[in-house]
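Have a look at the structure below before the remarks.
Bear in mind these aren't lab numbers, they're just calculated from the coordinates by the rules spelled out. Just so it is clear, the structure is predicted and the values come from calculations on it, not from any experiment. Note: ideal-geometry Cβ built from the backbone for every residue, glycine included; neighbour counts use all protein chains shown.
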Amino acid sequence: MRHVQRKLVSHDPQRNAILARIRAVWRHLPRNGVLIFFDIKPIAVKAYGGRRYTSAKRLVLERYQKTRGFFYLFALYDVKQGRVRWAFYLSKDSQCVCRFMQRIRNWYPNQEVWVILDQDRAHPRKSRETRRIMRALKLHWISLPKASPDDNTVEVGYSYCSSNEVGYKVTGPVGVESSWFCRSSWISGAATATCHSQC
């Protein structure tokens, strides 16, 4: 039995050119340069599976539940270090994206940073405010092709966690313990990494 791998390939005519540009940035990255992938994951507030101490012989979780709201996991993957950093926000609007970009600059205060991200409404491709803040922070960016989640390493990590039922263990208001399988299949020489980190 083999695990079926799902690959969503974008039909954006600019896809090959965009990926070629990312490869070129990676190959010519300065010694102190940083290449990171960024994405946002909405998380529904509801009961998930797991284990607990109980005298009941069987625990059954209802299939259909009432969602009590959402919060958003902002995550980045540092290709060179093989490290994941993240933070939680109550929204995924431009203001929250800008706040996370400020965190990125705080994490990498003196490095030349390239951010690879998709074309969501709050991202620099479409948001004037996000573009202004990223320019002020001297963060370079490359927008991925349309409808190409598998080109984003962070998105692949989200998919892996979902398909393999990896649970998130909340340890505090801003921290999560997790184990991610991060893969960047199209970057030549980039190794498969298992990432353990905490915000």
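Miscellaneous remarks
- Footprinting exposure proxy for HIS123, HIS11 (fewest neighbouring C-beta atoms within 10 Å first): HIS11, HIS123
- Per-residue ³J(HN,Hα) for the range 66-81, Karplus 6.51 cos²θ - 1.76 cosθ + 1.60, θ = phi - 60°, Hz, x for Gly and Pro: 8, 6, 9, x, 9, 10, 10, 9, 9, 9, 10, 10, 7, 5, 5, 8
- Modelled FRET efficiency - R0 41 Å, ILE142 with VAL60, Cβ distances, 0.05 increments: 0.30
- Ranked packing of 145-152, 103-110, most packed first, by mean Cβ within 10 Å: 145-152, 103-110
- Using the Karplus relation 6.51 cos²θ - 1.76 cosθ + 1.60 with θ = phi - 60°, the per-residue 3J(HN,Hα) values for the range 87-104 come to 7, 9, 9, 8, 8, 10, 7, 4, 4, 5, 4, 5, 5, 5, 5, 5, 4, 4 Hz, with x marking Gly and Pro.
- Under the combined filter of DSSP loop state and at most 10 neighbouring Cβ atoms within 10 Å, the range 112-143 retains these trypsin sites (Lys or Arg not before Pro): LYS138.
- For the range 114-125, the Karplus equation 6.51 cos²θ - 1.76 cosθ + 1.60, evaluated at θ = phi - 60°, returns couplings of 10, 10, 9, 8, 8, 10, 4, 4, 8, 8, x, 4 Hz by residue, with Gly and Pro reported as x.
- Near VAL25, once Lys and Arg are set to +1 and Asp and Glu to -1 for all other residues with Cβ below 13 Å from its Cβ, the sum equals +3.
- Counting 0.36 nm for each residue step from LYS126 to ALA44 and taking away their Cα separation leaves a gain of 27.0 nm.
- The amide H of ASN152, built 1.01 Å from its N in the peptide plane, has no neighbour under 5 Å, considering only residues 5 or more places off or on other chains.
- Interchain or long-range residues, amide H under 5 Å from PHE71's placed H: ILE43, VAL45
- At R0 = 35 Å, FRET efficiency that the Cβ-Cβ distance of HIS28 and ASN106 yields, to 0.05: 0.85
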